[in-house]
Amino acid sequence: MKKYTLGLLLIGSITSIQLFAQDANLIINKAETERIEKFLSSDELEGRRTYSKGIDKAADFIANEFKQTGLATLNNSGTYLQKFSRLNAKFVSVKGFFDEVPLEAKDIIVVTTQTNVSISETSGYEAVKISKEDNLIQAARKYMTANKNYIILVDESFAAMFPRLMQIKGGITAQQKTVVFILNNKTPTKFTIEAEHKIEEQFLSNVMAVIPGKSLPNEYVIFSGHYDHLGINSAKAIGTDSIFNGANDDAAGTTAMIMLSKYFKKLNNNERTLIFVAFTAEEMGGFGAQYFSKQFDPISVKAMFNLEMIGTESKWGRNSAYITGYEKSSMGEILQKNLASSTFKFYPDPYTDQNLFYRSDNATLARLGVPAHTISTSKMDSEPNYHKASDEFATLDMDNMTEIIKAIALSSKTIVSGKDTPTRVDTSKLR
């Protein structure tokens, strides 16, 4: 009797897996995937730059896909657009002196919500340093979110990267403290910094939808991708093509997220609540994900699948992808276990020197302990179209991309059902 029962259980389990795979093959198909990807990476959207008409068109398209699929809005708000605003501090002028020696304006970046800033060594700002051993962007963001006024000396070895900090000025909240970055290795006895800015409020939108969970409605699983890109850049045009379509980065991830929403809605058997979100302003500093993350108790978020650049083959070829921060939770092991009967393979991130775990929209929730990981195939050491006008639909392998989406659907099933819960990220080891 025990053997007979065990046999029935095994047959039932195998049948369940086969049915799950059959559903994936029927619902996640190449034609529908191509339809969505083609529109999101089309010239009509002009590269989906944040604050542009193109990105607004993309948002409307994604919202309509959610509506046609029959997805719910968050908290029954009646809208798929999660709207928020940022303050943009446009530079007018800046000057500074260290021990009466003038500083070059290009070596000073002031992040502020004030139109006029005038500070000195007596202003009470905390003085800190970003050394050459630090990660410049990570360290800068840490001080930006510390709710203190800082004057920060940045090691001169970061001279080439220093202008990237200007991106931070493009999206700050009304609560932002004043943070002054100065590219200088000297610690002055006396200093003065004076700056003038024009402050503008700008509005953005994430696009999100929900499938409520049946038995675990207060436990969330998130599927995400960012739908913004770089827009139009005539200075870096390829011939006459100046539109940075972002087909792989990240229309591909956004397309995958939309296809997964259709798949799980069709199954309609998720025990945990599923949230599908297209983030804005990833390219400008992850502002969409940062706002989104503040709307949830991180303990209630059991997993996050962030999908980023899955339109090309990985370094291992087809039927494979990698997971950033693989070793930081058990999520990768769970996904691979659920693909035991498949030829698809998830690998740990092979580009750890590029800090990819901290560079995409998973990072905000990961820093709060959520097993939030990015799934990608992009060969970051040799991706020929990355952040170029050549990142177009024609460069994508749509057959392989469709199979990757199916693999994500199948591998996530026990997390979606509540059977498996990945271990939390150890925040004491995060940088």
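A few comments on the model shown:
- Answer residue from the range 103-141, given it is more than 17 Å from Q176 (Cα to Cα) and among the basic types (K, R) and is surrounded by the most Cβ atoms within 10 Å (Cβ to Cβ) among those: K129
- Pairing each residue of the range 338-359 that is on the phi > 0 side of the Ramachandran plot and in contact (Cβ under 8 Å) with a residue 40 or more places away in the chain with any residue that is assigned to a loop (DSSP other than H, G, I, E, B) and crowded, with 19+ Cβ neighbours inside 10 Å, provided the two are 6+ apart or on different chains, yields no C-beta distance under 7 Å.
- Top-ranked residue of the range 304-360 - restricted to ones that are among the aliphatic types (A, V, I, L, M) and under 14 Å from the mean Cα position of the chain (by Cα), ranked as modelled with the lowest pLDDT: L356
- Taken over the range 28-60, the criterion of being hydrophobic (A, V, I, L, M, F, W, C) and surrounded by 19 or more Cβ atoms within 10 Å (Cβ to Cβ) is satisfied by I28, I36, L40, L45, I55, A58, A59.
- Which numbered condition T255 misses (of (1) of a type outside the set (D, E, K, R); (2) modelled with pLDDT under 95; (3) crowded, with 24+ Cβ neighbours inside 10 Å): (2)
- The residues listed here are D60, D134, D107, D99; of these, the one that is farther than 30 Å from M259 by Cβ, acidic (D, E) and free of Cβ contacts under 8 Å to residues at least 24 places away in the same chain is D134.
- Selection over the range 196-216 of residues that are part of a strand (DSSP E or B) and in contact with a Lys or Arg (Cβ under 8 Å, 6 or more places away or on another chain) gives a count of 11.
- Here F393 passes the criteria (1) under 30 Å from S242 (Cβ atoms); (2) surrounded by 23 or more Cβ atoms within 10 Å (Cβ to Cβ); (3) over 19 Å from the mean Cα position of the chain (by Cα) except the one numbered (2).
- Residue within the range 291-304 that is touching a residue at least 60 places away in the same chain (Cβ under 8 Å) and among the charged types (D, E, K, R) present: yes
- Qualifying residues in the range 145-188 (those that are part of a helix (DSSP H, G or I) and basic (K, R)) - the one surrounded by the most Cβ atoms within 10 Å (Cβ to Cβ): K169
The values are calculated or read from the model by the stated rules, or taken from the named source; none is laboratory data. Only a predicted model underlies this, so the values are computations on that prediction, with no experimental measurement involved. Note that we place each Cβ from the backbone using ideal geometry, even for glycine, and neighbour counts take in every protein chain shown.
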